Amino acid sequence: MLADGAGHSDQPPAPPLLAPAPGRGRLCEQEIDTPLGIMVGIADSAGLRLLQFADSSKLHAQLVRMARWLGCSPARRSNKPLKALETQLAEYFAGERLRFSIPIAPIGTSWQLTVWNGLLHCAPGATVYYQDLARALGRPRAARAVGNAVAANPLPILVPCHRAVPKRGSLGGYVGEPWRKERLLTLEAFADKRGWTPEL
């Protein structure tokens, strides 16, 4: 699976992911400085497992869940996916990239993986309502469950949960704080339509 978004209206939904990829190779951890704060990236040879803001209240629980699933804890060193992540995040924040080409291997329930997979089809600079995403996934009454899965996303920015909103006129919450969500949407809108980036 690649972290590469596309518009909901332009392409049919990709097949849902039914299970997380098994652990392969050494699990590595790297801190990455971004204009919105330090992020922690964790990856093995299967792909990127976790990307989270270092000050997020969700980081500890996500680390515990990942370690339990994979049966190991990460070593503080870089690897090929993390080096690519650092480069592509820099390009993203510079307005030079709106889509990512890094293999990702998030850990979650089958429903969470289905929702996260659906988020990859939300175009940069656009937003999708929880209700519409639920409908696109064949579960029109599952807007609340969609919101819960969006909130549990372990790969913000790459799996663009910042593009999902609960209802018209509301940005809703965000794993990296709502102010970051607003800035990410602004960044993408400018980069996509005007070819330059606002000051973050």
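Let's see how each residue does on (1) at pLDDT 90 or above; (2) closer than 28 Å to L27 by Cα; (3) more than 16 Å from the chain's Cα centre (by Cα):
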site: S101; (1), (2), (3): yes, yes, no
site: P106; (1), (2), (3): yes, yes, no
site: P160; (1), (2), (3): yes, yes, no
site: V165; (1), (2), (3): yes, no, no
site: G176; (1), (2), (3): no, yes, no
site: F190; (1), (2), (3): no, no, yes
**Study point:** Criterion (at pLDDT 90 or above, closer than 22 Å to K181 by Cα and small (G, A, S)) met by exactly one of A43, A54, A3
**Key:** A54
Revision key, fill the gap. In segment 108-146, anything under 14 Å from the mean Cα position of the chain (by Cα) and in a helix (DSSP H, G or I) is listed as Q112, L113, T114, V115, W116, N117, G118, L119
**Study point:** Failed item in (1) in contact with a strand residue (DSSP E or B) (Cβ under 7 Å, 6 or more places away or on another chain); (2) open to solvent by 20 Å² or more (accessible area, probe 1.4 Å), with A94 passing the rest
**Key:** (1)
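The values are calculated or read from the model by the stated rules, or taken from the named source; none is laboratory data. On a predicted model such as this, the values are computed, not experimentally measured, just so you know. Please note: Cβ atoms are built from the backbone with ideal geometry, for glycine as well, and neighbour counts cover all protein chains shown. In case anyone asks, the SASA skips ligands and DNA or RNA and just uses the protein heavy atoms, side chains included. Shrake-Rupley method; radii C 1.70, N 1.55, O 1.52, S 1.80 Å.
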